[in-house]
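Trainee: Got a structure for you, written out below as structure tokens; questions coming shortly.
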Amino acid sequence: LAKTTQPISMDSYEGQEVNITCSHNNIATNDYITWYQQFPSQGPRFIIQGYKTKVTNEVASLFIPADRKSSTLSLPRVSLSDTAVYYCLVGDIGDNQGGKLIFGQGTELSVKP
Amino acid sequence: EPEVTQTPSHQVTQMGQEVILRCVPISNHLYFYWYRQILGQKVEFLVSFYNNEISEKSEIFDDQFSVERPDGSNFTLKIRSTKLEDSAMYFCASSEREYGYGYTFGSGTRLTVV
């Protein structure tokens, strides 16, 4: 499983766009990139998943450059309720390892008024 | 939106006692998991379960732990002879398919061993 590196913490203000970058230099050909969000005392929540280029859903966008050695989660116009820990995970959907997720420390995003 | 339901939300137990944490996964999901998070630390994988058997387990998941799907809806984690260091949030999760996509976590059970 590819190791990921992301900032420990980030600060932002309401209404701003937040971009969280994750490095995964050893990503394998079959690996997908998945982001989760976790609020205090709650379970992680799936945000978005992608393989290459750009993926967008109602919550966020995920930008993946051609070399796939990094990815950027973009949260448009954040609000106070987006204050959470954001995790970047990389792994192979079909690796027959039971689908376990390996979480790092994540990025603690703090949104201020 | 379908949810993974965990009970109880908080459990306090004495050291050495057995506890059973319960989970109701999303009904059409096939893969089930337990994770734990010690306060201030990372979310850690414990075990995955598919087709009524364990698919993979971590080093943490030793003989003290067991999982069961006693019927078509419940998924349980049993911890025997609890220790102080078992105090953590325990999260159940389920998914339609392996790895990442569409994983849904429950809100967790906070286990406190005293």
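Trainee: Please give the strands (runs of 3 or more DSSP E) falling wholly within the range A:1-83 in which 1 or more residues are closer than 28 Å to B:Glu1 by Cβ, touching a His at 6+ places or on another chain (Cβ under 9 Å) and not hydrophobic (A, V, I, L, M, F, W, C).
Mentor: Ranges flagged: A:31-38, A:70-75.
Trainee: Right, A:Val111: within 28 Å of B:Gly108 (Cβ to Cβ), assigned to a strand (DSSP E or B) and in contact with a helix residue (DSSP H, G or I) (Cβ under 9 Å, 6 or more places away or on another chain) or not? Let's see the steps before the verdict.
Mentor: Values: within 28 Å of B:Gly108 (Cβ to Cβ): yes; assigned to a strand (DSSP E or B): yes; in contact with a helix residue (DSSP H, G or I) (Cβ under 9 Å, 6 or more places away or on another chain): yes.
Yes.
Trainee: On to the next question. Being within 14 Å of chain B (Cβ to nearest Cβ) and exposed (fewer than 14 other Cβ atoms within 10 Å of the Cβ): is that true of A:Asn57 here?
Mentor: So A:Asn57 passes the test.
Trainee: Could I ask something else about it? If you take the residues in the range B:26-40 that are in contact (Cβ under 8 Å) with a residue 60 or more places away in the chain and assigned to a loop (DSSP other than H, G, I, E, B), which one is farthest from the chain's Cα centre (by Cα)?
Mentor: Selected residue: B:Asn28.
Trainee: Among the candidates B:Ser73, B:Ser81, B:Ser66, which residue alone is on the phi > 0 side of the Ramachandran plot and more than 14 Å from chain A (Cβ to nearest Cβ)?
Mentor: Of B:Ser73, B:Ser81, B:Ser66, the one residue that is on the phi > 0 side of the Ramachandran plot and more than 14 Å from chain A (Cβ to nearest Cβ) is B:Ser81.
Trainee: Right, here's the next one. Only one residue in B:Glu53, B:Glu3 is out of contact with any Cys (no Cβ under 8 Å at 6 or more places or on another chain), more than 9 Å from every other protein chain (Cβ to nearest Cβ), in contact (Cβ under 8 Å) with a residue 40 or more places away in the chain and among the acidic types (Asp, Glu). Which one?
Mentor: B:Glu3
Trainee: Do you know which residues across the range A:1-48 are farther than 20 Å from B:Lys42 by Cβ and touching a Ser or Thr at 6+ places or on another chain (Cβ under 7 Å)?
Mentor: Correct list: A:Asp11, A:Glu14, A:Glu17, A:Val18, A:Asn19.
Residues are listed down the side, and each one gets a yes or a no for (1) out of contact with any Leu (no Cβ under 8 Å at 6 or more places or on another chain); (2) at pLDDT below 95; (3) within 20 Å of B:Tyr33 (Cβ to Cβ):
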site	(1), (2), (3)
A:Gln6	yes, no, no
A:Ser12	no, no, no
A:Val18	no, no, no
A:Ile27	yes, yes, no
A:Asn30	yes, yes, no
A:Ser41	yes, yes, yes
A:Ile47	no, yes, yes
A:Tyr51	yes, yes, no
A:Thr56	no, no, no
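Trainee: With respect to B:Glu96, is the statement that it is surrounded by fewer than 14 Cβ atoms within 10 Å (Cβ to Cβ), within 14 Å of chain A (Cβ to nearest Cβ) and of a type outside the set (A, V, I, L, M, F, W, C) true?
Mentor: Yes.
Trainee: Still on this structure: Could you say whether any residue in the range B:28-47 is surrounded by fewer than 18 Cβ atoms within 10 Å (Cβ to Cβ) and away from chain A (no Cβ under 14 Å)?
Mentor: yes
Trainee: Can I ask one more? Just the residues that are surrounded by fewer than 19 Cβ atoms within 10 Å (Cβ to Cβ) and in a loop (DSSP other than H, G, I, E, B), please, taken from the range B:1-25.
Mentor: Matches in the range B:1-25: B:Glu1, B:Pro2, B:Glu3, B:Pro8, B:Ser9, B:Gln14, B:Met15, B:Gly16, B:Gln17, B:Glu18.
Trainee: Test A:Gln49 against the stated conditions and say whether it is within 14 Å of chain B (Cβ to nearest Cβ) and touching a residue at least 24 places away in the same chain (Cβ under 8 Å).
Mentor: It is false that A:Gln49 is within 14 Å of chain B (Cβ to nearest Cβ) and touching a residue at least 24 places away in the same chain (Cβ under 8 Å).
Trainee: Additional query: Looking at this structure, is B:Ile20 without any contact (Cβ under 8 Å) to a residue 60 or more places away in the chain and over 23 Å from A:Arg45 (Cα atoms)?
Mentor: The answer is yes for B:Ile20.
Trainee: Let me ask you something else. Tell me yes or no: at least one residue of the range A:64-85 is buried (at least 16 other Cβ atoms within 10 Å of the Cβ), facing chain B (nearest Cβ under 10 Å), within 16 Å of the chain's Cα centre (by Cα) and touching a residue at least 12 places away in the same chain (Cβ under 8 Å).
Mentor: Yes, some residue in the range A:64-85 is buried (at least 16 other Cβ atoms within 10 Å of the Cβ), facing chain B (nearest Cβ under 10 Å), within 16 Å of the chain's Cα centre (by Cα) and touching a residue at least 12 places away in the same chain (Cβ under 8 Å).
The values are calculated or read from the model by the stated rules, or taken from the named source; none is laboratory data. Not measured: the values here are computed from a predicted model. Reconstructed Cβ throughout: ideal geometry from the backbone, glycine too, with neighbour counts over all protein chains shown.
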